[in-house]
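I have placed the structure first, in the form of C-alpha cells, so that the comments after it can refer back to it.
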Amino acid sequence: MVVIVRSAGAAGTAGAAGAAPDSGDVFDVIIIGAGPAGLSAGLNLVRARRRVLMLDSNRPRHSATLMSHGFLTRDGVSPLELRRLGREEFESYPEASFHQALVSSIDRVAVPPVGEGAASAGQYAPHVESLFVVHSTGIRGSADRVATARTVLIATGLLETLPALPSIRAYYGTSLHSCTECDGYEKSDAPLALIGESPDLAERALLLSQWSNDLIVFTNGVAELSTHDEAALGARGIGVERRRIADIEGDREGMTGVSLDDGTVVLRSGGFIRPIYTTALDYHGMLGLETSADKLLVVDAHGRTSCTGVFAAGDSTPPGAQQLIVAAGEGARVAAAINRHLIGLL
C-alpha cells in the first residue's frame, strides 16, 4: 500500500531517471501503505495542507480477522471496515488522492544546486537535497503510476507466514489469532493452544495466561525453551508439547484440537499463533535502509530511517506487529515529524 502527499500542483509523472521534475509535479510525501499507520498519517498531513496521493496494494495482513478490538470508539469493528472508514475520512479533504497500485521500485533523484537549471532545492522544500521517484503497478483496473515526492513515509506493515499446517488457514481469524491483546478477552477461560516456532513463545504464553489458565504451548518440534522459560511456564501451570504437529482439527463450529504426528489429538477450542513476520517490500535493496536483526526498519524517535527524507511508521518498525490503534498513533506522530521536516524545523 502506498500513500503520496504533495503540497502544490496536480498529480504528475516523473521525468527521466536522474532528472529532477518541475516543482509543480512533486508531492510533499509518499506514504507507502494505507493501513492504520498510513491512513492516520495521511489524514494528519492533509490537515496540515500537504497534498497526498495514497497508493494501496489492498493486501492487509489482518484480512482474515473478522473483528478488531481495543480501538477506542471502534471496539469490535472489522479491520476492513476500519480501513474503509479511514479512507473515506482521508479522501474527504481536497488535498487527498487515492490510487490502487503495488510499488515496484523507489529511486532517489538529486536536486540540482542553485544555478544549475531552473530548479533549486529551495523550490522543493528547505534542506531537500534529493527527491524520491516511486514506480507502481496498478491493480484491479488501475493504471500504472510514476510519482515524485520530497519525502517518503513507509507504512506498509508486515507479511506473515504461518506454521505450515494444512488446515491452519481455515481457522485463522475465527478460532486462531495472532494478537493476544486484540483477541485474548474473547478466549477467556477456554482451553487454548499457543503454536509457534520462534524463541519468544514463553513470553507470549505468559501474557496469554492472563486470559486462560488452561494453556498448552506447541513448539512443533522446532522452538526451543530455556531452563528459565520452562520454570516460568511451569510456575503458571502452562503445559508444553514438543512433538511435531500434523494439523488443526475442527468442524463448522470451529477448532476442536491439535493433532500430532503420532496420531494423538490434544483437545483445544482455540488459541494463538506466532507468525514469522517480514516486511512487505525490500526497502534495504531499494533505498539501502538500515534494518534490525528481525529485518524491521530502524528508525529514530521521529520515525526517520537511515535515509534522509524517508520515514517509517507502524508494524514495519521495531518491535513489529502491534495493535491497530498503536499503528494509527505512530502514523499521527510521524506525520507531525514529516511536516516539521518539510518546513525545515527537523
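The values are calculated or read from the model by the stated rules, or taken from the named source; none is laboratory data. Because the structure is a prediction, the values reported are computed rather than measured. Note that each Cβ is placed from the backbone with ideal geometry, even for glycine, and that neighbours are counted across all protein chains shown.
Computed quantities for the displayed model
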{"item": "Those residues of segment 270-285 which are surrounded by fewer than 20 Cβ atoms within 10 Å (Cβ to Cβ) and not in a loop (DSSP other than H, G, I, E, B), in sequence order", "result": "276, 278, 284, 285"}
{"item": "Count of segment 247-294 residues which are in the same structural domain as residue 109 (by TED's automatic domain parsing) and acidic (Asp, Glu)", "result": "3"}
{"item": "Hey, residue 302 in a loop (DSSP other than H, G, I, E, B) and without any contact (Cβ under 8 Å) to a residue 60 or more places away in the chain or not", "result": "yes"}
